[in-house]
Amino acid sequence: MGEERFGEFVLVRRHGHVAELVLDRPKAMNAVSTEMARSLAGACAALSADRDARVVVLTSSHERAFCVGADLKERNSFTDADLVRQRPVARGAYTGVLELPMPTIAAVHGFALGGGFELALSCDLIVADRTAVVGLPEVSVGVIPGGGGTQLLPRRVGAARAAELIFSARRVEAAEAAELGLVDRLVEPGRDREEALALAERIAGNSPVGLRAAKRALRLGHGLDLRAGLEVEDAAWRSVAFSGDRAEGVAAFNEKRKPEWPGE
């Protein structure tokens with residue numbers, strides 16, 4: 001299992017074809033500072049270019065929190081000009097996770113608030129344990145969710161439900177979060193990382209070309225009318241139909257063996 005550090009606060013661990021992207025600023029409950037945002041964007045850029053990484057799992061090194069959002073202590077010292085300069089750096093962290101080309105899973109325990117919940121929402125799936133508390137409380141401190149929350153949450157739970165959660169700024173505990181669809185799988189306390197990695201391992205057994213194309217079709221097709229969506233799907237199908245992975249998948253099925261994906 002290899003490890004690579006990006007700056008002081010972000011770590012990438014390798015588990016075969018699964019890459020674990022670790023938020024590692026435990027002294028601040030993984031509050032996203034400018035430096036941490038820059039490191040997260042850098043790690044995501046490296047992972048995006050890595051053909052060996054088939055699935056990414058976003059985890060936390062803090063026992064009681066996934067991520068508490070933006071570093072408000074740092075923000076308190078900002079001038080307006082500082083805030084303007086920081087904005088593209090902050091956006092780079094959230095879009096970095098959102099635009100990872102392979103399937104992504106967030107492993108959430110404890111607090112996942114504001115930008116922390118937005119990082120989880122930027123993933124394709126969220127596994128949460130029963131200690132999880134999620135929410136987008138930004139309007140309670142005079143801003144709005146700016147890491148994708150106003151766009152990602154309604155895509156998950158619908159416009160009215162998202163409006164209630166964002167306008168009320170309320171925190172949602174694990175059982176209700178699962179009921180509302182804010183998280184996808186609820187597990188016992190302390191098992192979020194283990195379960196997310198196990199799910200990632202299962203997913204990583206499939207064709208990397210197929211996985212990336214399926215994610216592309218899901219993302220690009222969302223919100224389109226059915227006919228346009230089917231054209232997106234057809235384009236994604238054509239991108240894999242003549243790939244080495246498809247040839248290997250068909251051959252392995254007929255030969256009743258496990259496929260050895262070429263990944264191209």
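The values are calculated or read from the model by the stated rules, or taken from the named source; none is laboratory data. Just so it is clear, the structure is predicted and the values come from calculations on it, not from any experiment. When we count neighbours, we look across all protein chains shown, and the Cβ atoms used for this are built from the backbone with ideal geometry, even at glycine. These accessible areas exclude ligands, DNA and RNA; they are computed on the full protein's heavy atoms, side chains included. Shrake-Rupley method; radii C 1.70, N 1.55, O 1.52, S 1.80 Å.
Rounded to whole numbers, the Karplus 3J(HN,Hα) couplings from phi for region 186-196 are 10, 10, 5, x, x, 10, 5, 5, 4, 5, 5 Hz, using 6.51 cos²θ - 1.76 cosθ + 1.60 with θ = phi - 60°, and x at Gly and Pro. Simple rule: put +1 on each Lys or Arg Cβ and -1 on each Asp or Glu Cβ in region 178-264, find the dipole, and look at Pro259, Phe242, Gly181; the Cα lying farthest toward the positive end is Phe242.
Phi angles of region 4-17 translate, via the Karplus equation with coefficients 6.51, -1.76, 1.60 and θ = phi - 60°, into HN-Hα couplings of 9, 9, 10, x, 7, 10, 10, 10, 10, 10, 9, 10, x, 8 Hz per residue; Gly and Pro are given as x. Per-atom-type breakdown for region 1-112 gives carbon and sulfur 52% of the accessible area (1.4 Å probe, protein chains only).
Restricting to DSSP H runs of at least four residues, report the calculated mean residue ellipticity at 222 nm for the chain, -39500 (n - 2.57) per run over all residues, nearest 500 deg cm²/dmol.
-14500 deg cm²/dmol
When the charge dipole of the chain is built from unit charges on Cβ atoms (+1 for Lys and Arg, -1 for Asp and Glu) and taken about the Cα centre, the candidate among Val108, Leu125, His222 whose Cα reaches farthest toward its positive end is His222.
Helix 226-241 versus the longest principal axis of the chain: what angle, 0 to 90°, nearest 10, using Cα atoms? The answer is roughly 60 degrees. For region 10-74 and region 116-151, compute the distance between their C-alpha centroids and round to whole Å. When both Cα centres are located, 15 Å separates them. Cross-link reach is defined here as a Cα-Cα straight distance under 30 Å, omitting same-chain residues fewer than 8 places apart; for Lys27 the lysines meeting it are Lys73. Length available on full extension from His15 to Ser168: 0.36 nm per residue minus the Cα-Cα distance, which gives 51.1 nm.
Annotation: Asp234 carries an accessible surface of approximately 60 Å², with a 1.4 Å probe and no ligand, DNA or RNA atoms counted.
The tail of the calculated P(r) for region 90-139 beyond 18 Å holds 28 percent of all Cα-Cα pairs.
Rounded to the nearest whole Hz, the Karplus-based 3J(HN,Hα) values (6.51 cos²θ - 1.76 cosθ + 1.60, θ = phi - 60°) of region 65-70 follow the sequence 8, 7, 5, 8, x, 4, with x at glycine and proline. The angle separating the long axis of helix 244-254 from the principal Cα axis of greatest extent in the chain is about 60 degrees. The residues of the chain present an accessible area of 50 Å² per residue when probed at 1.4 Å with all protein chains retained. Taking 24 Å as the straight-line reach from the Cα of Lys256, none of the lysines fall in range once those fewer than 8 positions away in the same chain are excluded.
To the nearest 10, the accessible area of Trp237 is 140 Å² with a 1.4 Å probe.
Between Arg161 and Glu179, the distance separating the two model label sites (each 7 Å from Cα on the Cα→Cβ line) works out to 1.2 nm. Compared with the dominant Cα axis of the chain, that is its longest principal axis, helix 34-48 is turned about 10°. Close amide H pairs (under 5 Å, H built 1.01 Å from N) link Ala70 with Val32, Gly115, Gly116, residues at least 5 positions away or on another chain. All C-alpha to C-alpha distances of the chain, sorted into 5 Å bins beginning at zero, yield P(r) values of 1, 6, 12, 17, 18, 17, 13, 8, 5, 2, 1, 0, 0, 0 percent in whole numbers. The figure for Thr34 is an accessible area of roughly 30 square angstrom, using a 1.4 Å probe on the protein chains alone. Could you pull out every residue, at least 5 positions away or on a different chain, whose amide H is within less than 5 Å of the one on Val133? Hs are placed 1.01 Å off N in the peptide plane, and Pro or chain starts have none. So Val133 has HN proximity to Gly110, Phe111, Ala112.
Between Val55 and Ala19, the built amide H atoms are under 5 Å apart, and every one of these is 5 or more places off in sequence or on another chain.
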